[in-house]
Amino acid sequence: MLNYDIVIVGGGPAGLAAAVSAKENGVDSILVLERDQELGGILNQCIHNGFGLHTFKEELTGPEYAARYIEQLEEAKIEYKLNTMVIDITEDKTVTAMNRADGLFEIQAKAIILAMGCRERSRGALNIPGYRPAGIYSAGTAQRLVNMEGCLPGREVVILGSGDIGLIMARRMTLEGAKVQVVAELLPYSGGLKRNIVQCLDDFGIPLKLSHTVVDIEGKERVSGVTIAKVDQNRKPIPGTDKHYTCDTLLLSCGLIPENELSTSLGVEISPVTAGPLVNESLETNVEGVFACGNVLHVHDLVDFVSQEAKAAGKHAAAYVRGGARHLLFDGEDIPIVAEGGVRYTVPKTIHPQRMEENHTVRFRVGDVYQNCYVSVYLNQERVIHRKRQVIVPGEMEEVVLKQEELKTFPNLSQITVKIE
Amino acid sequence: MYDVVIIGAGVSGCACARELSRYQLNICVLEKEEDVCCGTSKANSAIVHAGFDAKSGSLMAKLNVEGNQMMEELSRELDFPFQRNGSLVVCLHKEELPNLEELYERGIQNGVKDLRIIGREELIEMEPNISQQAVAALYAPTGGIVCPFGMNLAFAENAAVNGVEFYFYTEVVGFEKQESTWLVKTSQGDFATKYIINAAGVYADQFHNMVSSKKLHITPRRGEYCLLDHAVAEYVKHTIFQLPGKYGKGVLVTPTVHGNILVGPTADDIENREGTNTTQEGLEELTARARQTVKDLPMRQVITSFAGLRAHEDGHEFQIGEAEDAKGFIDCAGIESPGLTAAPAIGKMVAQMIKELSNAKEKTDFIAARKGILDPKTLDQEAHAALIRKQPDYGTIVCRCELVSEGEILDAIRRPLGAKSLDGVKRRTRAGMGRCQAGFCSPRTMELLARECNLPLSEITKSGGSSKLIMGRNKDS
């Protein structure tokens, strides 16, 4: 059995930043486990630019962004294992993993950081009717084929879902010689970033049809066409609005799902809203010494925020291992953060006034488009933040900053509420 | 000259092939698709029926019960997943209790063992998630679940090892009767043979009607299904049927041998013999009906849906035997539910017929046992570790959702009648059958197929034919 202070599951942007941060915070014995053949995770297939504006104040591609962190990891001499699949984690922090070289092996950790990322919602999970031919890809799979293998998965393309990967792939497929006919989105608003709609669809004349979905897929062997229909307020197709597209490919970009099967089996409590672990201000789950960050915790828009969050997770895991901040996991003084009035969730879910940062960022998403509204924060019944906003959309993560001074001195604080007004 | 040409490499055809391979006969199987198990056999309920359903005295009832009884031994001998989990026919309305009694009586007549009717309390104890409405159930401990691909592949591989030849992409187009033999005309040339076994699923009536004036009629009856994630594997433990009655036929909810929950099927008679598409209405109907017997069935956990076609013969009876006016042409037609259960018995019955017709002698070197693809998850930790030390390919996970290693995929490609496509690998190893539905593993599996089959990536298909996965190179146009 191997022994490490901190085992990090996943060597993507979250795992890398968490590892570097844990090292900076005084822990030397760290092991990163990555299932793919290189570090960097999905960044490796994101060859477009726009990464790192917050972190490095410059525009990098995905692989460049990953490379910055991989360099730091190498410089800090942090150990990692590639092509290594974690198959089990127990509550006492025994990690079972396997790879070619080491076979099946166990690691005893003092702390664990979950950084497994997420997967794409598949055609099956969407329950789209029709045939099951070749030519139906999730946008990320197509991205990998195009950007890493140089293969074009199709020539005449329809995209369902306006998530960021779908938008990015609409542009990429066009640049590589395919014709993207339309992007259909079930919801009345896009799930992607505004800048991606402009740069990936508008600039290439690709139409975006909101409140539309795919109602049929044709083709016995390879996709030969799809039918798109308008949907009503209940997201049900409206009869008579069918429009047929002749195409050979359907790309799906209909949401990302945090990969928490390992977390669940080790007893981590999962939020039904984010599908990620419920965490306190230290990004610690209900299982002591198990932390989570990145897209396994909640799906992010920007990798910069993943890195920030992972940095915090690394720091708190290091503090836990060093035993300095004797851990007071959910000790009763944790103040619940309640999401209300259009706010779907917050990360973290609780905050401890003694343990929190001086200025602590709370991230959240809304469930609908809100115009000319206010983002408000209440401590008990008292409103302490009331920020005017022109528009807030579900596709863009929001944040509020809580001040430790304010929370510490607030008499009998029992609840923090974040809401849209 | 062949002794026997079998049309169709589905479970019936392959069961016949395997049983016939015991004899000194020259046999081949003709299949229009790229692989075995590509039609009805790949998309069904994966159930081993107890045998109370079929009409007493019918061939269907007889072969169902026989097939059921053969499963344990056969699944050990041919190494495919089978579990006797028991089945429950749930009665939701008091006034339908007589129908449940009737089903019980029929089961007894058909020779189904250990059948009994259980009350509401016992039912709820056995299945806590059963509908509040349930009043009683028929419990059949002999009901089971099986991997339909596993069984079909096991028959085929074992037949191949024992000398049966398989021809894929070989579509039968006609027959020519000669003196005492047949010429089977196909897309790949003619095959001369003494006997023909017509195991062509939804196409069996067409072939029968080409040689016989006593017409057969088969309707493709489409059944749609949804498959639920491992996360809800324990939601039901038995195969839950709804008692058919004036409130409709209901759909079944069952665990699978691989730890998923399967819901289905609907029943729509259609024209198109390739019409395996799912429909909006069908998928909605499934949810509504399944929730009649199982409360709050977590349909949010659906990972895929699919449709299969049953070969429904007008008289709802297996049509097995030599065509009266076409000597040497043996039908194995109308094999709909409980066809999968009956397949081992069908194989035996057909083989016996051919044996009698041809006076074939048994081989002395018949190999009865077949070893399936090793699933390292079934090993204990020590044996698993030893396996990876010996064969490091088992240490590289390709399909993360189902934890399928490179070693298993290579075995699937390299073994007799090996996989040639993504779906072929999927049916043999489950790579791509999990919750991400091949999103992560398909590029890697494609690479392995390309390497092993010595083909460019652009030639790799999802399911053979023109189901190519790659349409070209970047910027090639």
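The values are calculated or read from the model by the stated rules, or taken from the named source; none is laboratory data. Not measured: the values here are computed from a predicted model. Every residue, glycine among them, receives a Cβ derived from its backbone with ideal geometry; neighbour counts consider all protein chains shown. For accessibility, only protein heavy atoms count, side chains too; no ligands or nucleic acids. Shrake-Rupley method; radii C 1.70, N 1.55, O 1.52, S 1.80 Å.
Somewhere in the stretch A:334-354, is a residue open to solvent by 20 Å² or more (accessible area, probe 1.4 Å), within 21 Å of A:K194 (Cβ to Cβ), over 20 Å from the mean Cα position of the chain (by Cα) and without any contact (Cβ under 8 Å) to a residue 60 or more places away in the chain?
For the stretch A:334-354, residues open to solvent by 20 Å² or more (accessible area, probe 1.4 Å), within 21 Å of A:K194 (Cβ to Cβ), over 20 Å from the mean Cα position of the chain (by Cα) and without any contact (Cβ under 8 Å) to a residue 60 or more places away in the chain: absent.
Among the candidates A:L201, A:L175, which residue alone is without any contact (Cβ under 8 Å) to a residue 12 or more places away in the chain and either closer than 29 Å to B:A450 by Cβ or more than 7 Å from chain B (Cβ to nearest Cβ) (or both)?
A:L175
Regarding the stretch B:158-169, can at least one residue be identified that is hydroxyl-bearing (S, T, Y) and open to solvent by 30 Å² or more (accessible area, probe 1.4 Å)?
Taking every residue of the stretch B:158-169 in turn, at least one turns out to be hydroxyl-bearing (S, T, Y) and open to solvent by 30 Å² or more (accessible area, probe 1.4 Å).
Would you list the strands (runs of 3 or more DSSP E) that sit entirely within the stretch A:357-416 and hold 3 or more residues that are surrounded by fewer than 18 Cβ atoms within 10 Å (Cβ to Cβ)?
So the answer is A:370-379, A:382-392, A:398-403.
Based on this model, can you work out whether B:N162 counts as in contact with a Gly (Cβ under 6 Å, 6 or more places away or on another chain) and of a type outside the set (A, V, I, L, M, F, W, C)?
no
Return a yes/no flag: does the stretch A:140-159 have any residue that is closer than 15 Å to A:N196 by Cα, more than 10 Å from chain B (Cβ to nearest Cβ) and open to solvent by less than 10 Å² (accessible area, probe 1.4 Å).
So far as the stretch A:140-159 goes, yes, one or more of its residues are closer than 15 Å to A:N196 by Cα, more than 10 Å from chain B (Cβ to nearest Cβ) and open to solvent by less than 10 Å² (accessible area, probe 1.4 Å).
For every residue, the table says whether it meets (1) in the same structural domain as A:D28 (by TED's automatic domain parsing); (2) of a type in the set (A, V, I, L, M); (3) touching a residue at least 40 places away in the same chain (Cβ under 8 Å).
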position	(1), (2), (3)
A:H54	yes, no, yes
A:I70	yes, yes, yes
A:A97	yes, yes, yes
A:L104	yes, yes, no
A:L114	yes, yes, yes
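So, in the stretch B:272-281, exactly how many residues are more than 19 Å from B:S337 (Cα to Cα) and either surrounded by 15 or more Cβ atoms within 10 Å (Cβ to Cβ) or over 22 Å from the mean Cα position of the chain (by Cα) (or both)?
Count: 5.
Name every residue in the stretch A:49-87 that is touching a Lys or Arg at 6+ places or on another chain (Cβ under 7 Å) and more than 14 Å from A:A17 (Cα to Cα), in order of residue number.
A:N83, A:T84, A:M85
Kindly indicate the residue of the stretch A:352-368 that is among the aliphatic types (A, V, I, L, M) and modelled with pLDDT of 95 or more and also nearest to A:L402 (Cα to Cα) among those meeting that condition.
For the stretch A:352-368, the residue satisfying everything is A:V362.
Quick check: anything in the stretch B:414-429 facing chain A (nearest Cβ under 7 Å), within 25 Å of B:N44 (Cα to Cα) and surrounded by 21 or more Cβ atoms within 10 Å (Cβ to Cβ)?
Checking the stretch B:414-429: not a single residue is facing chain A (nearest Cβ under 7 Å), within 25 Å of B:N44 (Cα to Cα) and surrounded by 21 or more Cβ atoms within 10 Å (Cβ to Cβ).
Does the stretch A:21-48 hold any residues that are more than 14 Å from every other protein chain (Cβ to nearest Cβ), of a type in the set (A, V, I, L, M, F, W, C) and closer than 30 Å to A:E149 by Cα, and which are they?
A:L31, A:V32, A:L39, A:L43, A:C46
For the subset of the stretch B:438-450 comprising residues that are in contact (Cβ under 8 Å) with a residue 24 or more places away in the chain and either touching a strand residue (DSSP E or B) at 6+ places or on another chain (Cβ under 6 Å) or part of a helix (DSSP H, G or I) (or both), which member is most open to solvent (accessible area, probe 1.4 Å)?
So, considering only residues that are in contact (Cβ under 8 Å) with a residue 24 or more places away in the chain and either touching a strand residue (DSSP E or B) at 6+ places or on another chain (Cβ under 6 Å) or part of a helix (DSSP H, G or I) (or both), the one most open to solvent (accessible area, probe 1.4 Å) is B:R444.
Looking at the stretch A:49-138, what strands (runs of 3 or more DSSP E) fall wholly within it and have at least 2 residues that are open to solvent by less than 40 Å² (accessible area, probe 1.4 Å), more than 10 Å from every other protein chain (Cβ to nearest Cβ) and out of contact with any Ser or Thr (no Cβ under 8 Å at 6 or more places or on another chain)?
Result: A:94-99, A:103-114.
Please give the number of the condition B:L115 fails out of (1) open to solvent by 10 Å² or more (accessible area, probe 1.4 Å); (2) closer than 26 Å to B:A61 by Cβ; (3) touching a Cys at 6+ places or on another chain (Cβ under 9 Å).
(3)
Count, please, the residues in the stretch B:394-446 that happen to be under 18 Å from A:R123 (Cβ atoms) and among the aromatic types (F, W, Y).
Final tally of qualifying residues: 1.
For the stretch A:246-262, indicate whether the set of residues that are more than 12 Å from chain B (Cβ to nearest Cβ), farther than 27 Å from A:R144 by Cβ and among the hydroxyl-bearing types (S, T, Y) is non-empty.
no
Which residue, of B:A343, B:A368, B:A333, B:A311, is away from chain A (no Cβ under 14 Å), of a type in the set (A, V, I, L, M, F, W, C), over 20 Å from the mean Cα position of the chain (by Cα) and open to solvent by less than 40 Å² (accessible area, probe 1.4 Å)?
B:A368
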